[in-house]
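Beneath this line is the structure, given in structure tokens, with notes to follow.
The values are calculated or read from the model by the stated rules, or taken from the named source; none is laboratory data. In this text the structure is predicted, and so the values were computed from the model without any measurement. Please note: Cβ atoms are built from the backbone with ideal geometry, for glycine as well, and neighbour counts cover all protein chains shown.
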Amino acid sequence: MPDDQSSRPSSRYDLLFEPLAIGPVTAKNRFYQVPHCNGGGYRDPSAVAEMRRVKSEGGWGVIFTEQVEIHQTSEISPFIELRLWEDKDMPMMAKMAEAMKSHDALAGIELAYSGINGPNLYTKEVPLAATGGPILTFTSDPVSARSLEKAEIRDVRRWYVNAAKRARDCGYDLICLYGAHGFGIIQHFLSRTTNKRSDEYGGSLENRSRFMREVITDIREAVGDTMGVTVRLSLDEAFDDLSFSNSELRDCIEMHGDLPDLWDLAHGTWEDCSGTSRFKDEGAQEDLIRGIKNLTSKPVVGVGRFTSPDAMVRQIKSGILDFIGAARPSIADPFLPKKIKEGRFDDIRECIGCNICVTGDMTMSISRCTQNPTFMEEWRKGWHPENKPAKGESQSVLVIGSGPAGLEAARMLGGRGYDVALAEAKNTLGGRIAQERLLPNLSAWGRVMDYRLGQIEPMANVSIYRDSNLTAEDVISFGFQHICIATGSIWRRDGTARAHLKPIPISAAMPLYTPDDIMAGDFPSDLLTQKHVLIYDDDHYYMGGVMAELLREKGCEVTLITPANCVSEWTHNTLEQGFIQARLIDKGINLRCSNRVNAVADDHVTLACVYSGKTSELAANAVVMVTARDGDDALWQGVKSRQAEWQDAGIRSVKLIGDAAAPAPIAWATYAGHRYAMELDAPDHGDEPCFRREVTALED
Ligand SMILES: Cc1cc2nc3c(=O)[nH]c(=O)nc-3n(C[C@H](O)[C@H](O)[C@H](O)COP(=O)(O)O)c2cc1C
Ligand code: SF4
């Protein structure tokens with residue numbers, strides 16, 4: 001049933017809930033979930049469908065699929081997206097459309113032909129592109145595409161039409177033609193960087209936009225009176241001097257102003273578009289998009305990690321956007337529109353801009369979200385981002401540790417109705433978040449604790465105890481039925497991690513620190529000026545780079561050493577690596593990649609090249625070890641050693657969770673806390689998987 005808007009008092013956010021037509025269909029409000037993949041795609045279609053169904057329930061006016069490959073001659077394996085190659089793919093895609101429309105959202109499908117970006121590793125077809133050349137993938141696959149013959153351009157147009165008709169028959173309301181982020185052939189034709197053709201599809205902007213015009217016209221002829229046809233273009237390709245620039249985009253929109261039913265605009269590269277909060281603020285694309293609405297009578301959607309209702313209203317009121325596009329804000333909080341509509345602003349679970357969601361796609365696993373542990377578990381585990389099942393038969397839980405795992409466990413346990421005591425050894429709550437949010441450009445990460453504390457504090461059945469450094473004796477004598485130990489982790493100082501699986505020789509004369517020391521302010525001020533500090537990063541995520549930035553800002557000369565070939569290597573998966581390396585270079589931080597630290601002497605370290613083994617020495621005044629973390633499980637060990645006393649003490653279970661059990665990124669900790677709370681009093685899965693799995697059906 002359509003939402004009844006008349007019963008609500010008017011508010012300054014009403015604007016966001018005004019319906020708007022997109023060609024022949026009408027969106028019920030301005031919340032537009034732009035396409036986003038999820039690491040599940042064709043392998044986990046039911047999980048993807050349920051994830052989108054929950055967004056429909058959460059009030060989004062428009063919900064899109066991720067990119068959907070339209071033909072077997074263009075696919076982007078190993079990445080796992082959706083496919084609409086043949087009729088066989090339709091039941092899966094129809095299930096998805098039905099889920100999206102379950103609560104009156106328009107269902108959109110993003111059609112992609114990947115051209116110069118599709119290596120065809122799975123189908124073994126020769127890739128076809130606007131202009132041939134090496135395939136432009138993240139992984140530099142050693143494969144080339146060949147230029148499309150003119151007759152083949154007609155084939156590709158027909159494949160688009162076939163996919164559009166199938167999409168219509170699956171129940172979709174909107175089509176988006178992917179031409180952004182360098183990933184879709186529409187963009188490859190538009191850009192002089194990837195289009196070197198000398199026929200009527202190359203050269204002038206009119207010629208380069210011919211393919212886009214033809215495809216839109218073909219699709220509209222085939223399905224236009226039933227579906228809105230939109231196009232997603234890059235706001236600024238920013239690759240080289242031939243790139244499809246922001247001014248060319250504006251010329252293109254002016255030239256074809258009324259061609260699509262909506263212009264969906266996104267920054268040039270995926271890295272730029274899905275920038276993390278470490279590098280991009282909310283609304284960062286505004287300068288590139290402002291004024292474009294004046295060039296067309298059709299609605300414009302743009303993105304910018306929008307989580308603030310006021311920022312959204314401003315985008316619309318000031319005539320920059322018609323729709324608020326959102327990928328990550330919709331992942332972190334699928335109920336964002338509903339919460340704004342109901343004025344429940346404190347309940348909004350704001351995206352922290354960490355891009356852990358992207359890593360699920362980049363690692364072809366399945367996506368996680370730091371803020372929303374239920375993401376992609378809606379079907380697999382039956383989790384829901386808002387619902388909290390009533391508690392089971394037991395009553396009381398002691399949660400020890402108020403980091404991300406402990407806070408999430410307490411939030412969910414409290415919501416389920418348990419009597420919860422949350423004990424924190426320190427005076428401040430938040431565990432690692434309370435410290436890491438103070439590091440350079442990580443303040444948005446603080447939302448992990450702010451949201452959870454905001455939810456927990458009003459709960460009468462959750463008591464919070466600060467300065468409670470509990471002993472095993474305390475835990476056993478308190479009388480709680482369940483004990484959840486989430487005591488976090490501690491950075492190692494002995495060099496053990498990946499390059500060295502055992503401690504390295506370290507002179508006691510060398511001042512040596514860990515990130516824990518630095519975050520606690522335990523770093524002598526005389527080291528902060530003009531002193532050479534070496535950071536040894538064998539962790540490979542953000543901490544090494546952040547420590548380097550921090551100490552450089554404080555005045556140290558800094559050298560970052562890592563066994564990897566680049567700094568913060570794992571951040572390729574969060575789309576940050578290039579930005580991090582550029583920032584460190586820009587700040588004058590010395591980089592020594594492909595080297596391990598073999599020994600720390602009184603006044604220098606010995607390095608060894610990871611390839612040749614050739615050693616060298618580097619003088620230093622101090623060393624910071626960013627290597628591995630150990631779970632802080634001392635309390636767990638103490639309680640476990642007294643297991644014989646548990647029954648008499650009324651203790652039914654004791655569990656170690658989060659970093660204390662196995663250190664990992666924050667998203668793993670919130671997931672662990674959520675899982676603990678959801679599984680309390682639930683039947684044991686025994687040897688079976690604790691989630692549902694889509695199993696490939698066998699064919700003859
Ligand atoms: C996990 C993830 C997957 C994405 N996959 C796609 C995709 O399949 N197609 C697409 O056009 N954009 C994709 N994007 C880009 C988003 O649509 C969006 O433009 C970008 O994230 C900026 O919007 P946001 O700040 O609201 O996240 C993806 C973004 C994320 C975070
Ligand atoms: S993983 Fe991080 S960036 Fe992605 S939606 Fe969740 S909080 Fe936002």
Are there helices (runs of 4 or more DSSP H) fully within the stretch 160-230 with at least 2 residues that are closer than 22 Å to LEU128 by Cα and under 28 Å from the mean Cα position of the chain (by Cα)? List them. 185-190
Scanning the stretch 82-104 residue by residue, those touching a strand residue (DSSP E or B) at 6+ places or on another chain (Cβ under 8 Å) and without any contact (Cβ under 8 Å) to a residue 24 or more places away in the chain turn out to be TRP85
Counting only residues that are free of Cβ contacts under 8 Å to residues at least 40 places away in the same chain, touching a helix residue (DSSP H, G or I) at 6+ places or on another chain (Cβ under 8 Å) and assigned to a loop (DSSP other than H, G, I, E, B), which one in the stretch 557-583 is nearest to CYS354 (Cα to Cα)? SER568
Before we move on, is GLU408 among the charged types (D, E, K, R), away from ligand 1 (no atom under 16 Å from the Cβ) and either in contact with a Pro (Cβ under 6 Å, 6 or more places away or on another chain) or under 30 Å from GLY39 (Cα atoms) (or both)? yes
Those residues of the stretch 661-676 which are buried (at least 24 other Cβ atoms within 10 Å of the Cβ) and within 16 Å of ligand 1 (Cβ to nearest atom), in sequence order: ALA667
Could you please tell me which pairs satisfy a Cβ distance under 9 Å, a separation of 6+ or placement on different chains, a first residue in the stretch 169-185 that is under 19 Å from GLY61 (Cα atoms), and a second residue that is within 16 Å of ligand 2 (Cβ to nearest atom) and modelled with pLDDT of 95 or more? LEU174/PHE64; CYS176/VAL34; CYS176/PRO35; CYS176/PHE64
Restricting attention to the stretch 58-65, does a residue exist that is touching a Ser or Thr at 6+ places or on another chain (Cβ under 9 Å), under 30 Å from ILE135 (Cα atoms) and surrounded by fewer than 24 Cβ atoms within 10 Å (Cβ to Cβ)? no
Take the stretch 350-389 and flag every residue that is of a type in the set (A, V, I, L, M) and under 18 Å from PHE306 (Cβ atoms). ILE352, VAL358
Options LYS339, LYS381; residue that is away from ligand 1 (no atom under 16 Å from the Cβ), on the phi < 0 side of the Ramachandran plot and in a loop (DSSP other than H, G, I, E, B): LYS381
Single residue of VAL313, VAL300 found to be β-branched (Val, Ile, Thr), more than 16 Å from ligand 1 (Cβ to nearest atom) and modelled with pLDDT of 95 or more: VAL313
Residue list for the stretch 497-506, restricted to those being surrounded by 14 or more Cβ atoms within 10 Å (Cβ to Cβ) and in a loop (DSSP other than H, G, I, E, B): ALA497, ALA499, HIS500, ILE504
Only one of GLY430, GLY415 is away from ligand 1 (no atom under 16 Å from the Cβ), touching a Gly at 6+ places or on another chain (Cβ under 8 Å) and either outside any loop (DSSP other than H, G, I, E, B) or not charged (D, E, K, R) (or both); which? GLY430
Looking at the stretch 345-361, is at least one residue away from ligand 1 (no atom under 16 Å from the Cβ), in a loop (DSSP other than H, G, I, E, B) and either at negative phi or without any contact (Cβ under 8 Å) to a residue 60 or more places away in the chain (or both)? no
What residue, of ASP526, ASP494, ASP516, ASP467, is at pLDDT 95 or above, surrounded by fewer than 21 Cβ atoms within 10 Å (Cβ to Cβ) and assigned to a helix (DSSP H, G or I)? ASP516
Among the residues of the stretch 33-48, is there at least one that is within 16 Å of ligand 2 (Cβ to nearest atom) and part of a helix (DSSP H, G or I)? yes
